[in-house]
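Structure, as structure tokens:
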Amino acid sequence: RPGQRWTMRIAALSGTERIVFLTDRSVIDAADRMRSDFVANASHELRTPLAAILGYVETLQDMNAEADAPVRHRFLSIIEREAGRMQQLVLDLLSISRVEADRFRRPTTPVDLGAIVRHTIGQLHDSEHPRAKDIAPELDDGLYPMLGDEAQLGQLAHNIISNAMKYGRSDTPVTVELVREGHRVRLSVSDEGDGIAPDHIPRLTERFYRVDEARSRSVGGTGLGLAIVKHISERHQGQLHIESELGKGTRVSVTFPITDGA
Ligand code: ADP
């Protein structure tokens, strides 16, 4: 393959036998590259709001306090918004590193996905999210027992539902469905939004990948939400599926194995 590099190491097993280790360096190089890209992207994402905050603080310091009250007020709101963006980004960075660290640890705690999804919807209502009223839960009272990490599954549900609220048109429903499919349970969240072009769909779970950077920023996105969803889903043996139709809307589903042998 182009760019492929091998290293070879030879060790003696006995006086006449040798063992040869061949290592495909391109895999290691790709992992190194991904790590350094991630650090560069994260630094860039943090630097942008930080530069805005420093700029506005400097301007405020030079201002005449009496004369410019409305302008000062506006600048303070911008500083608050940019600091909020940095806070969300730091929280998402912490989440993704925690979820990645847990990657190979199978969850062992029995949980009920129905209770977790209901709790997440309740939290969105409590946070007075302007679109919480549009959430249309279609959850029956059945139990969906699985082995899981309650906080991580709550975050997965939160990220998918809040994306539907962010990218769906206002005053259209965000349908949250939980259905049993044989030995699995499917959580689906559908919105009526602009949808996503097919060529973007495979890349949505990459860290910091956004279809429309300006749009994502303006709705408070960090570009990490679906990367976190993918990691949490994989840790729980889940399968993530994104279907979308331009101009119509998007449906994001994750199916998990359930544990009661039904
Ligand atoms: P963000 O924090 O930017 O929302 P995500 O990782 O959650 O990041 O999503 C990545 C990108 O996928 C978003 O920036 C957006 O372009 C697109 N996306 C995610 N969910 C939806 C949706 N329900 N409808 C349309 N686009 C979506």
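Taken over the stretch 239-255, residues that are more than 23 Å from Leu91 (Cβ to Cβ) and either β-branched (Val, Ile, Thr) or assigned to a loop (DSSP other than H, G, I, E, B) (or both) amount to 6.
Here Thr205 passes the criteria (1) assigned to a loop (DSSP other than H, G, I, E, B); (2) touching a Leu at 6+ places or on another chain (Cβ under 9 Å); (3) more than 8 Å from the ligand (Cβ to nearest atom); (4) hydroxyl-bearing (Ser, Thr, Tyr) except the one numbered (3). In this structure, does Gln87 turn out to be surrounded by fewer than 12 Cβ atoms within 10 Å (Cβ to Cβ) and within 16 Å of the ligand (Cβ to nearest atom)? So Gln87 fits the description; yes. Of the candidates Ser216, Ser188, the single residue that is of a type in the set (Ser, Thr, Tyr), more than 30 Å from Arg35 (Cβ to Cβ) and surrounded by 14 or more Cβ atoms within 10 Å (Cβ to Cβ) is Ser188. Within the stretch 114-155, the set of residues being in a loop (DSSP other than H, G, I, E, B) and under 20 Å from Thr222 (Cα atoms) comprises Ser127, His129, Pro130, Arg131. List pairs: first residue in the stretch 173-187 and over 16 Å from His236 (Cα atoms) and modelled with pLDDT of 95 or more, second residue buried (at least 17 other Cβ atoms within 10 Å of the Cβ) and of a type in the set (S, T, N, Q) anywhere in the structure, Cβ distance under 7 angstrom, at least six positions apart or on different chains. What qualifies is Thr175/Ser190; Glu177/Ser188.
Residue by residue, here is whether (1) surrounded by 10 or more Cβ atoms within 10 Å (Cβ to Cβ); (2) within 25 Å of the chain's Cα centre (by Cα); (3) at pLDDT below 90; (4) within 15 Å of Leu93 (Cβ to Cβ) holds:
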| residue | (1), (2), (3), (4) |
| --- | --- |
| Arg9 | no, no, no, no |
| Ser26 | yes, no, yes, no |
| Ala30 | yes, yes, yes, no |
| Leu46 | yes, yes, no, yes |
| Val57 | yes, no, no, no |
| Leu60 | yes, no, no, no |
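Residue count for the stretch 208-238 under the criterion of being part of a helix (DSSP H, G or I) and either more than 10 Å from the ligand (Cβ to nearest atom) or out of contact with any Lys or Arg (no Cβ under 6 Å at 6 or more places or on another chain) (or both): the result is 15.
Report yes if some residue within the stretch 79-86 is outside any loop (DSSP other than H, G, I, E, B) and closer than 19 Å to Leu226 by Cα; otherwise report no.
Within the stretch 79-86 (the criterion being outside any loop (DSSP other than H, G, I, E, B) and closer than 19 Å to Leu226 by Cα), the answer is yes, since at least one residue qualifies.
Taken over the stretch 156-199, residues that are in a helix (DSSP H, G or I), more than 7 Å from the ligand (Cβ to nearest atom) and either of a type outside the set (Gly, Ala, Ser) or touching a His at 6+ places or on another chain (Cβ under 7 Å) (or both) amount to 7.
The values are calculated or read from the model by the stated rules, or taken from the named source; none is laboratory data. Treat the numbers as computed from the prediction; the structure is a model and nothing was measured. Cβ sites come from the backbone with ideal geometry, for glycine too, and all protein chains shown count toward neighbours.
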